[in-house]
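First up is the structure itself, then whatever we jot down about it.
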Amino acid sequence: MSTSIRFKLSFMMFLEFFIWGAWFVTLGTYLTKNLQAQPLEIANVFSTQSLGAIIAPFIIGMIADRYFNAERILGVLHIIGAVLMYQMYNATAISSFYPYVLAYMVLYMPTLSLVNSVSFRQLSNPEKQFSNIRIWGTIGWIIAGLSISYLFKWDSAASSTGGALKNTFLMGAIASLVLGLFSFTLPKTPPVKIESDQKPSFASIIGLDAIKLLKDRNFLIFFVSSILICIPLAFYYQNANAFLDQIGMENPTGKMTIGQISEVLFLLALPIFFTKFGFKKTILVGMLAWAVRYILFAYGNAGDLSFMLLIGIALHGICYDFFFVSGQIYTDSKAGVKYKSAAQGLITLATYGVGQLIGFWVAGFIGEKYAYLKESSVADFWKQTWIIPAGIAFVVFIIFLVAFKDEKVENKLES
């Protein structure tokens, strides 16, 4: 791979996740403070991510993979996305904001697969080379968060109350336009020619070909646990920034990038842990980390107990890597050659689609249920809010601990 192609792929990945990190992290705070959205309205906005994840396989599998160059459709989607993001920047009410964010997420979620497709087609040894490209996406997300807090200071108490967070959408729109135009300079990635009898079916695209794997008791337990653990995950995406902002933590968006730094570090540690302790113990640690993180959020504060909040943020690496990456390895191992893609598609649909969709709605319901507590104590409101996902995560931990029978799983990360 030439230096030029490496740079293009790295810059593509940087912008892809810079765009997402530029507005999605502070979205809950913006909707609450500036559009006066209610918890269930906020839940509906965040649910657009799940709806986009559900629709994405159809755009990629039925259209992009069969008829168009991946880099071209990537460019078109991001240019349209820039226009939609600019409309989100101009929206003054939740009713006018929602249609644009829904349309945007339906178009953005497929690009996550497209940047991978463009990358993999240029790599001679994807197992070893892709991580060096993908890490630039995490760096992009971190730079976006640090810029919001420390460069522009849009998330300071005074600035966010005054509406400065709307600028995150403008920043995202500019980055989306840049990536849209830049995509047309990426290496050509035409559809792979396949025989008519090999064309993907509707069932294979959404992973239904792998549904027979659910006959395996262990895989069924893992599948259900994956959906359930995404409920507390949704609480984090929907509430974390607003929580840190409302209890008075300075530079909340910048501090939340500790989670992404942690993600990189624990991804490096995962192969060692996986090899030494096996799949079941690894994934149980990931589940337990969710419960511990939310307990820390529930009882920490922005003053003398702020270290509890920072530890909770830093646990993101264990929460995400030890559960989701381990889960991908397990799914790959169980599926076999014939159903690898279908099985991963099924798990993605179940987690980012169904699981998080339920999670966002549950988080919205809990926000509505305990909204009255805000009148007397914001701290009590958030304490009650975080105890719920902590309890859910602990219940999932117990279910998996008791029901899942330990088995040896090949560690694909060692290659």
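Descriptive notes on the structure:
- Alpha-carbon centroids, region 59-126 and region 298-369: separation in whole Å: 22 Å
- Percent carbon-and-sulfur accessible area, region 1-50, ignoring ligands, DNA and RNA, probe 1.4 Å: 61 percent
- Region 9-97 shape via C-alpha gyration tensor axes, a/c threshold 1.5: prolate
- From most to least packed by mean Cβ count within 10 Å, the peptides 115-124, 47-56 give 47-56, 115-124.
- Rounded to the nearest 10 Å², the accessible area of residue 222 at probe 1.4 Å: 0 Å²
- Where chymotrypsin sites (Phe, Trp or Tyr not before Pro) fall in DSSP loop in region 255-327, at most 15 other Cβ within 10 Å: none
- Per residue, the chain reaches -24000 deg cm²/dmol at 222 nm when only DSSP H runs of four or more residues are counted, each adding -39500 (n - 2.57).
- If the segment from residue 305 to residue 55 were pulled out straight at 0.36 nm per residue, it would be longer than the present Cα-Cα gap by 85.8 nm.
- Helix runs (DSSP H) in the chain reaching 24 Å along axis by Cα, Kyte-Doolittle at least -0.5: 3-23, 39-58, 70-90, 94-120, 126-146, 217-246, 258-299, 378-403
- Additional length obtainable on full extension of the chain from residue 268 to residue 66, 0.36 nm per residue less Cα span: 69.2 nm
- In terms of its C-alpha gyration tensor, region 53-151 has an oblate overall shape, because the principal axis ratio a/c (a ≥ b ≥ c, square roots of the eigenvalues) is not below 1.5 and a/b does not outweigh b/c.
- Carbon/sulfur fraction of accessible area - region 272-363, other protein chains in place, 1.4 Å, %: 71 percent
- Note: relative contact order over region 236-375, using C-alpha pairs below 8 Å and six or more positions apart, is 26 percent.
- With a Förster radius of 22 Å applied to the beta-carbon distance between residue 120 and residue 178, the computed FRET efficiency rounds to 0.45.
- The residues of the chain expose, per residue, 42 Å² of accessible area to a 1.4 Å probe.
- Prolate/oblate/rounded call for the chain, Cα gyration tensor, a/c under 1.5 rounded: oblate
- Ranked by how many other beta carbons lie within 10 Å on average, peptides 33-45, 1-13 from highest: 33-45, 1-13
The values are calculated or read from the model by the stated rules, or taken from the named source; none is laboratory data. None of these values were measured; they are calculated from a predicted model. FYI the Cβ positions are ideal-geometry reconstructions off the backbone, even for glycines, and counts take in every protein chain you see. Only protein heavy atoms, including side chains, enter the accessible area calculation; ligands, DNA and RNA are left aside. Shrake-Rupley method; radii C 1.70, N 1.55, O 1.52, S 1.80 Å.
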